[in-house]
Amino acid sequence: MSHTATDEGERQETANIRRTGRALIVSIHAATRAMKLYPPEHQAVQKALEELATAALDSRSVDSELELRVHGEFIFVNGTRLRLDLSNYASFGRVLELFRSGGVGSLRVLREPSPREWFSLLTLLATIGASGDGDADELARRLHAAGVDAFELAAHADDEEEVEEREAAKAAARRTY
């Protein structure tokens, strides 16, 4: 295989990860919105959770694994940074806030989660985040107690380097403004 063909293959794989990753973020956002508006058994919630499960499956099929990681103002899917644009701004913001408030820095999907498992994860994530006690370890314990073992969570790493990156990004935004 030539060097150019290898580069093109890598670009195509990265594009596929970004495409399926964006669909996953939008699906998480749609599911959380539906869950706020309707009871769990409502058709809109069930449909949103099924679409989320399908989006996660699509993301896993591209790279055979699925890890969402939040770092600063960025979301990474399987190590590939997703690009933010106007069409997905609200979804990105909501997922970033959900992860941050829940104390989650990364979410690894270990196997194909059911819509019920996604519901449990998102409900607990929102509940823990709303309480102001965001703790990935507590969230993992509660998921395990609920019989949900499809996810592996890691705490948000708010290290010094990330704080510096965030401050530099804010300074650049102020200069641009």
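Report, in deg cm²/dmol and to the nearest 500, the calculated mean residue ellipticity at 222 nm for the chain, where each DSSP H run with n ≥ 4 adds -39500 (n - 2.57) and the sum is divided by the residue count.
Here the helix-only value at 222 nm equals -22000 deg cm²/dmol.
Using the Cβ-Cβ distance between Asp85 and Glu10 with R0 = 25 Å, the FRET efficiency computed as 1/(1 + (r/R0)^6) comes to roughly 0.65. Normalised per residue, the accessible area of the chain is 57 Å², obtained with a 1.4 Å probe and no contribution from ligands, DNA or RNA.
Rounded to a whole number, what % of the accessible area of the chain do carbon and sulfur atoms account for, probe 1.4 Å? The value for the chain is 52 percent carbon and sulfur by accessible area.
Computed about its Cα centre, the charge dipole of the range 102-151 is approximately 140 debye, with only Lys, Arg, Asp and Glu carrying charge at their Cβ.
Given the alternatives [x] 17.8; [y] 17.0; [z] 16.6, Kirkwood radius over Cα pairs in Å as computed for this entry is given by [y].
Return the loop-located GluC sites (Glu not before Pro) in the range 39-105 (DSSP other than H, G, I, E, B) with at most 16 other Cβ atoms within 10 Å of their own Cβ; answer none if there are none.
Here the sparse-neighbourhood loop sites are Glu41, Glu65, Glu73.
Pick out, from Phe119, Ala146, Tyr89, the residue whose Cα sits farthest towards the positive end of the charge dipole of the range 72-152, with +1 on the Cβ of Lys and Arg and -1 on the Cβ of Asp and Glu. Projecting each Cα onto the dipole axis, the largest value belongs to Tyr89.
Could you order the peptides 136-145, 16-25 from most to least packed, using the average number of other C-beta atoms within 10 Å per residue?
Highest to lowest by the protection proxy: 16-25, 136-145.
Here the chain is assigned +1 on the Cβ of each Lys and Arg and -1 on the Cβ of each Asp and Glu. Its dipole about the Cα centre then comes out at about 760 debye. Among 103-109, 78-84, the peptide with the highest mean count of other Cβ atoms within 10 Å heads the list, and the full ranking is 103-109, 78-84.
The values are calculated or read from the model by the stated rules, or taken from the named source; none is laboratory data. All figures in this text were calculated on a predicted structure; none of them were measured in a lab. Glycine gets a Cβ as well: all are built from the backbone with ideal geometry, and neighbour counts include every protein chain shown. Areas reflect the complete protein model, heavy atoms only, side chains present, ligands, DNA and RNA absent. Shrake-Rupley method; radii C 1.70, N 1.55, O 1.52, S 1.80 Å.
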